[in-house]
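*Asks:* One structure coming up, written as structure tokens, with questions to follow.
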Amino acid sequence: MKYPGYLVLYLKKAVSKLMMYLYKPLFKQVGKNVIFYSKDSFSYNTISIGNDVFIGSGANFSSIKSISIGNKVMFGPNVTIMGGDHNTKKIGKYMFDVEEKLPENDLPIVIKDDVWIGTGSIILKGVTIEEGSIIAAGSLVNKNVPPYTIVGGIPAKILKARFSPSQLNEHLKILKETKPK
């Protein structure tokens, strides 16, 4: 039996939404209005997510330590967050066979509120992305990102400030005035 295209699309969306609700409790913590795709890959028990977060399809978020995502964060498709590394300093063993970790091999990742991470970006261990920042598509973030900056490239570098100082002051004032109590 052949089904009309709109029915197949509706069923796919319904199944994806159901799977998302079944997977949500696997996260360490998850807020309200969090959207992700059931085929995304997550180390669920090490990830905390705030409210109003959208994670595009093809996401791969993995960390032995922790990944902390704030409120009102947007991820484009195919974003990778990798919170770990291998111990490559062991003499006399193939890297593949080394099981011992060094403290610097696995570090937490923090993404604060109001961040937009563009398509195909990669965020590595130990990075903090401060509030209001934008990560350009295809960037490799291996260092902390200051608040309200736009970064891009491989490795990511500051491209410009998101606002002028006076615009930033106005932006922060309005956010403070309109913040729910």
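*Asks:* Would you check which residues across the range 18-31 are under 16 Å from Asn45 (Cβ atoms) and assigned to a helix (DSSP H, G or I) and list them?
*Replies:* Leu22, Tyr23, Lys24, Pro25, Leu26, listed by residue number.
*Asks:* Would you check which residues across the range 87-120 are part of a loop (DSSP other than H, G, I, E, B), surrounded by 13 or more Cβ atoms within 10 Å (Cβ to Cβ) and either free of Cβ contacts under 8 Å to residues at least 12 places away in the same chain or of a type in the set (S, T, N, Q) (or both) and list them?
*Replies:* Across the range 87-120, the qualifying residues are Asn87, Lys90, Thr119.
*Asks:* Also, I was wondering about something else. Any chance you could count how many residues in the range 1-17 are in a helix (DSSP H, G or I) and either among the aromatic types (Phe, Trp, Tyr) or more than 22 Å from the chain's Cα centre (by Cα) (or both)?
*Replies:* Final tally of qualifying residues: 11.
*Asks:* State which residue is farthest from Lys179 (Cα to Cα) when the search covers only the range 67-107 and only residues that are in contact with a strand residue (DSSP E or B) (Cβ under 7 Å, 6 or more places away or on another chain) and of a type in the set (Ser, Thr, Tyr).
*Replies:* The extreme case among them is Thr80.
*Asks:* Here is a further query. Search the range 41-61 for residues that are under 16 Å from Pro25 (Cα atoms) and free of Cβ contacts under 8 Å to residues at least 60 places away in the same chain and pair each with any residue that is surrounded by fewer than 20 Cβ atoms within 10 Å (Cβ to Cβ) and hydroxyl-bearing (Ser, Thr, Tyr) when their beta-carbon atoms are under 6 Å apart and the residues are at least 6 apart or on different chains.
*Replies:* Ser43/Ser62; Thr46/Ser66; Ser48/Ser68
Where a number appears in this text, it was derived from the coordinates with a stated rule and is not lab data. Please read these numbers as outputs of a predicted model, since none were measured by experiment. Here Cβ is always computed from backbone atoms with ideal geometry, including for glycine, and neighbour counts include all displayed protein chains.
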